[in-house]
2 protein chains.
Amino acid sequence: MYRTNTCGELRLTDKGKKVILAGWVQKSRKLGAMTFIDLRDRYGITQLVVKADAEKELSELAESLGREFVIQVKGEVLERESKNPKIPTGEIEIGVESINILNKSVTPPFTIEENSDGGEDLRAKYRYLDLRRPPLQRALALRHRLAQEIRSYLDAQGFMEIETPYLIKSTPEGARDFVVPSRMNPGQFYALPQSPQTFKQLLMVAGYDRYFQIVRCFRDEDLRADRQPEFTQIDCEMSFVEQEDVLNTFEGMMRQMFKNAIGVEIAERIPRMSWYDAMDFYGSDKPDIRFDMKLHEITSLVQGHGFSVFDSSEYVGGIAVKGCADYTRKQLDELTEWVKRPQVGAKGLIYIKCNADGSYKSSIDKFYSPEELAQVAGSVGAESGDLVLILCGAKRKTQTQLGVLRIEMGNRLGLRNPHEFAPLWVVDFPLLEWSEEDQRFYAMHHPFTAPKPEHEQWFYSDKKEDLERVCANAYDFVLNGTELGGGSIRIHNADMQRRMFDVLGISKEDAEYKFGFIINAFKFGAPPHGGLAFGFDRVCALFGGQESIRDYIAFPKNNQGRDVMIDSPSLIDQSQMDELCLQSTAENK
Amino acid sequence: MYRTNTCGELRLTDKGKKVILAGWVQKSRKLGAMTFIDLRDRYGITQLVVKADAEKELSELAESLGREFVIQVKGEVLERESKNPKIPTGEIEIGVESINILNKSVTPPFTIEENSDGGEDLRAKYRYLDLRRPPLQRALALRHRLAQEIRSYLDAQGFMEIETPYLIKSTPEGARDFVVPSRMNPGQFYALPQSPQTFKQLLMVAGYDRYFQIVRCFRDEDLRADRQPEFTQIDCEMSFVEQEDVLNTFEGMMRQMFKNAIGVEIAERIPRMSWYDAMDFYGSDKPDIRFDMKLHEITSLVQGHGFSVFDSSEYVGGIAVKGCADYTRKQLDELTEWVKRPQVGAKGLIYIKCNADGSYKSSIDKFYSPEELAQVAGSVGAESGDLVLILCGAKRKTQTQLGVLRIEMGNRLGLRNPHEFAPLWVVDFPLLEWSEEDQRFYAMHHPFTAPKPEHEQWFYSDKKEDLERVCANAYDFVLNGTELGGGSIRIHNADMQRRMFDVLGISKEDAEYKFGFIINAFKFGAPPHGGLAFGFDRVCALFGGQESIRDYIAFPKNNQGRDVMIDSPSLIDQSQMDELCLQSTAENK
């Protein structure tokens, strides 16, 4: 037996017990003739003490221990003289009677503490050492806990976890598929799934009624910041359900996850917001509702006063930034430059300062009287001491820019506490998006998403404006301004599917080629069904109060898709290439 | 709302309730003016009845329903006149008030019942229909339940489920690796893991203490019957443990799985058998201990009686087959042919019939007196009425043949009830296997497996016979004659690892090239650790009392590695090949 206890469990009530502990030397220090050692394992840190009257051999051994040595110690649980209230074991220490070095360690390339002195690249290379640090241990422990909560909740709700294959078929639009050459079928390839979408719908056709899976998905795309070529989804599908059934089911799951994993109680009913309201009031299809600062349209109010920039705009809108009337010229110039960056793309920024003394100062003073400015300020909800920020231009584009500005101001004002949680369902997405460029409709979600039943008459209309106002039975789960998941009620009726393809300009032949397999399966009695998927990596990060998903994945890849720890991807043997009937045309070969 | 209840839940106590059900038409039959319909979903079957006095429209609609139509019905829960005690809903039926066809179905290509009339290929092609059949629904439900039990047990034991990457690095000996070309790193490849072995050991180095994962693994090899290119493992590793800790932990897991998933109580302590005993008494390293029929060595007893076949054999052994003394000449000839098949490989078969009248009849009558035959029979445990079967030759080879014969006789005598469970740990495997051909030792498990502490002096000896008797801290979990899993305590000490490579004739340079990455990680304080992995597909099949794993995998591949449902693997677009910088040299291209 290597240990009687872990390094996190002994308390004052264990005083006098003879124990054996094992773990890593976090640090050791000599105090006169005594040596103190912090012994660490996954469960905590326990202080060891080699007393001044210990045998010489033991004292010397204790002094010889380096950082990250793995040791086993026998000793007695003692009450500490100077207690450490910061750690659960802080009232005791182990009076060491013997030390057994289980393994030595060379000096680690960076400090293994709450905050490391190692740079990102070095820590990535020695990921197994970085993973010893408490923040990463907490991150992976949270991930484990969340996965357990998800499974226990869905199991209790009658969902079955069913594993779908990873070696599937490349789709005709599979540009982002990773492919896998088959040795047994030379010249042929499997593909790794971007999601189990087809399979989960087949499981509904097969009558499994309630399916889920915590499943890896793969995408061979240029990695934007904080994306991974392999990522994990909570994937779900239900039969004989309407949208409300799905939303209620997964609200329950989120509530259990919040409560049991991080001790947060969220509202009994998560608010629902239509996509239109989200755009109009937050300039985003994933609003952060932890703070207010809503967008207000002021187009009619400000037009016709001789300010041509406003007069020629489809939309003028503003936000009221609390308590920022004292922004300096320099701050406002900086903010103007900020919104003009290509990432935001505004042409300029108009402000109105609502001074504490009741006066108004604005960049458009000469077009508007103080009373008119007061009216504008009032209509965006500004009060004395607030700063009104105004953008104008094409409606959706300007709303989006205002939305980005809103988030930025929220950040600057500290309104986005990562440990405060404001979940939200965004619903009633438009079913179709018109592309001016291609002069055709595209499915906003995917071509299997069903229109809302009450909009069906428009769906079957030939008028563009009717089709544009059809809403989908689609929904996104948004947390703190991040989309964590989404899904839809699927079309299960062959006629409606045919109509959808017509609307999208997909011919019968094309539909057969692209989707024939699933359309065929649907002929054998597909039930009404719908589902959704959550991005589990990001769920974990947000629950942990972090922006980046990287610490919530044990062995992540960098943004060139490389695992620098194992140095992968890499060249393979020519013999392996030959067996696969493959030749490389890459220049670095 | 599509339904108020499932098709499995209504009982006589619900009599009089107005309900809505939805599901598939299992069958319908007309009885006079009444129509009876069996409505099926995942949860069960409920009988619907459209009464003789129903409106004409409703009656006609009911009569028009085809097999596998998806319908929604409203009606009242009635007490059945002729109850069906075979199904839980058998005391009630639904008096139908309205029927809504949610989806029609074309005629399925085979019957969707307990036993289908469809051939294997047809059912594979329409897997989503085969999956509707009760045996497959039960199989996947059992799989889900087992996974849940595993997770709840290991979570309670302090294990963390940690996801390891699927896009890893091809190993120098990765002949069986599936590889994945990287578009972002042209000419370079990831590999899919054959197991997360390296990563789980790194997690121990990283201090995670107790890790598990239910994880997909991949192997691009010729598929023997009932193997899959992708398969699922229950993968576990623990730090600061000795062999007994590991065995006890996973005995607990198995006990919970047996009890909670299939209601079977297994012994408090699963028996442990040394590899030597397994070979000597069962002729197998995975003994089926549901029945006795042990092997007995009779070499010294039978040699020296002039029968040269025995006299020239290293080993002569036999089994006593209960109650088979009345085997006919024909049966014995057939059995002789059976053991001479290449799959068994015996040269011949000797028998002794222990007749009920006390006489003996044997194929070696002329070399042995009846008294001598009686002595042989007695020493293999045969009694009056039994048949003794004897093989001879090189020791381990003959034991293995006898072991195969033992299993066959167990099958013939019906001693292998698939719903009776006899778990077993096989322990004390030899650490090393000597290859006469290569004149060197190979690791029986893998080169990171530790010798038993009490055999260390032999491990450091230079004598071949010392090295041959070193046992490993390795263990297999065996159920009903099938190995379901195995593992070992790993070497965590650099000196011992160096010695292991020496013994295996692996040079320092070679070790660095093949295992450098993990050896390097181990320099930073690797704890003592060990673990094991179970083949989850086979665990599910055996718990379900089945031989084949295929029904326990939702979407399996055939033994050419093909998914015939989605027709994969397949050719991919030239543009995709170009992006990956690959050319195919396959002839079918």
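For region A:56-85, which residues satisfy the criterion of being over 30 Å from B:Val241 (Cβ atoms) and part of a loop (DSSP other than H, G, I, E, B)?
Across region A:56-85, the qualifying residues are A:Glu81, A:Ser82, A:Lys83, A:Pro85.
Need the failing condition index for A:Phe477 against (1) crowded, with 21+ Cβ neighbours inside 10 Å; (2) within 14 Å of another protein chain (Cβ to nearest Cβ), just the number.
(2)
Could you count how many residues in region A:308-335 are open to solvent by 20 Å² or more (accessible area, probe 1.4 Å), closer than 20 Å to A:Gly414 by Cα and in a helix (DSSP H, G or I)?
Final tally of qualifying residues: 2.
Could you figure out which of (1) farther than 20 Å from B:Ala141 by Cα; (2) of a type outside the set (Ser, Thr, Tyr); (3) touching a residue at least 40 places away in the same chain (Cβ under 8 Å); (4) open to solvent by less than 10 Å² (accessible area, probe 1.4 Å) isn't true of B:Ala206?
(3)
Need the failing condition index for B:Thr164 against (1) in contact with a Leu (Cβ under 7 Å, 6 or more places away or on another chain); (2) open to solvent by less than 10 Å² (accessible area, probe 1.4 Å); (3) of a type outside the set (A, V, I, L, M, F, W, C), just the number.
Here B:Thr164 clears every test but (1).
Which residues, taken from region A:457-468, are open to solvent by 70 Å² or more (accessible area, probe 1.4 Å) and closer than 26 Å to A:Phe515 by Cβ?
Within region A:457-468, A:Gln457, A:Tyr460, A:Asp462, A:Lys464, A:Glu468 meet the criteria.
State all residues of region B:135-168 that are of a type in the set (S, T, N, Q) and under 30 Å from B:Ser116 (Cα atoms); if no residue qualifies, say none.
Passing the criteria: B:Gln137, B:Gln148.
With (1) without any contact (Cβ under 8 Å) to a residue 12 or more places away in the chain; (2) among the charged types (D, E, K, R); (3) away from chain A (no Cβ under 14 Å); (4) within 30 Å of A:Thr4 (Cα to Cα) as the list, and B:Asp277 as the residue in question, which single condition is left unmet?
(4)
Mind counting the residues in region B:271-312 that are in contact with a Cys (Cβ under 7 Å, 6 or more places away or on another chain) and either modelled with pLDDT under 95 or of a type in the set (Lys, Arg) (or both)?
Residues in region B:271-312 being in contact with a Cys (Cβ under 7 Å, 6 or more places away or on another chain) and either modelled with pLDDT under 95 or of a type in the set (Lys, Arg) (or both): 0 in total.
For the subset of region B:117-131 comprising residues that are surrounded by fewer than 20 Cβ atoms within 10 Å (Cβ to Cβ) and in a loop (DSSP other than H, G, I, E, B), which member is nearest to the other protein chains (Cβ to nearest Cβ)?
B:Gly118
Quick one: B:Val215 ticks every box in (1) free of Cβ contacts under 8 Å to residues at least 60 places away in the same chain; (2) under 30 Å from A:Arg132 (Cα atoms); (3) open to solvent by 20 Å² or more (accessible area, probe 1.4 Å) bar one, so which box is it?
(3)
Give region A:563-589 a look and list any residue that's touching a helix residue (DSSP H, G or I) at 6+ places or on another chain (Cβ under 9 Å) and β-branched (Val, Ile, Thr), or say none.
Correct list: A:Val564, A:Ile566, A:Thr585.
Considering B:Ser284, B:Ser308, which residue is among the small types (Gly, Ala, Ser) and assigned by TED's automatic domain parsing to the domain that holds B:Ser379?
B:Ser308
When the residues of region B:21-48 are narrowed to those that are at the interface with chain A (Cβ under 10 Å from one of its Cβ atoms) and either touching a residue at least 40 places away in the same chain (Cβ under 8 Å) or assigned to a strand (DSSP E or B) (or both), which ends up surrounded by the most Cβ atoms within 10 Å (Cβ to Cβ)?
Among those residues, the one meeting the criterion is B:Gly23.
Can you list the strands (runs of 3 or more DSSP E) lying wholly within region A:150-243 that have 3 or more residues being more than 7 Å from every other protein chain (Cβ to nearest Cβ)?
A:210-218, A:230-239
Taking the condition touching a Lys or Arg at 6+ places or on another chain (Cβ under 7 Å), in contact (Cβ under 8 Å) with a residue 12 or more places away in the chain and not aromatic (Phe, Trp, Tyr), does A:Ala443 pass?
Criteria not met by A:Ala443.
Suppose the filter is touching a residue at least 12 places away in the same chain (Cβ under 8 Å), farther than 26 Å from B:Lys514 by Cα and not β-branched (Val, Ile, Thr); does B:His419 pass it?
Yes, satisfied.
Anything in region B:297-307 that is open to solvent by 60 Å² or more (accessible area, probe 1.4 Å) and under 35 Å from the mean Cα position of the chain (by Cα)? List them, or say none.
Correct list: B:Glu297 only.
Among the residues of region A:345-363, are any over 19 Å from A:Thr299 (Cα atoms) and open to solvent by less than 20 Å² (accessible area, probe 1.4 Å)?
Looking for residues that are over 19 Å from A:Thr299 (Cα atoms) and open to solvent by less than 20 Å² (accessible area, probe 1.4 Å), one finds at least one in region A:345-363, hence yes.
Counting only residues that are at the interface with chain A (Cβ under 8 Å from one of its Cβ atoms) and buried (at least 22 other Cβ atoms within 10 Å of the Cβ), which one in region B:132-142 is nearest to B:Asp41 (Cα to Cα)?
Of everything passing the filter in region B:132-142, B:Arg132 is nearest to B:Asp41 (Cα to Cα).
Applying the selection to region A:167-198, what residues are open to solvent by 20 Å² or more (accessible area, probe 1.4 Å) and among the charged types (D, E, K, R)?
The answer is A:Lys169, A:Glu173, A:Arg176, A:Arg183.
Let's see how each residue does on (1) at pLDDT 95 or above; (2) part of a strand (DSSP E or B):
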| site | (1), (2) |
| --- | --- |
| A:Ala52 | no, no |
| A:Pro88 | yes, no |
| A:Ile101 | yes, yes |
| A:Phe110 | yes, no |
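Pick from region A:404-456 the residues that are farther than 13 Å from A:Val503 by Cβ and basic (Lys, Arg): which of them is least open to solvent (accessible area, probe 1.4 Å)?
A:Arg406
Are any of the residues in region A:279-289 open to solvent by less than 60 Å² (accessible area, probe 1.4 Å), in contact with a strand residue (DSSP E or B) (Cβ under 7 Å, 6 or more places away or on another chain) and of a type in the set (A, V, I, L, M)?
yes
The values are calculated or read from the model by the stated rules, or taken from the named source; none is laboratory data. Quantities reported herein were computed from a predicted structural model and do not represent experimental measurements. Heads up, the Cβs are rebuilt from the backbone with ideal geometry, glycines too, and the neighbour counts pull from every protein chain shown. With ligands, DNA and RNA removed, areas are computed over all heavy atoms of the protein, side chains included. Shrake-Rupley method; radii C 1.70, N 1.55, O 1.52, S 1.80 Å.
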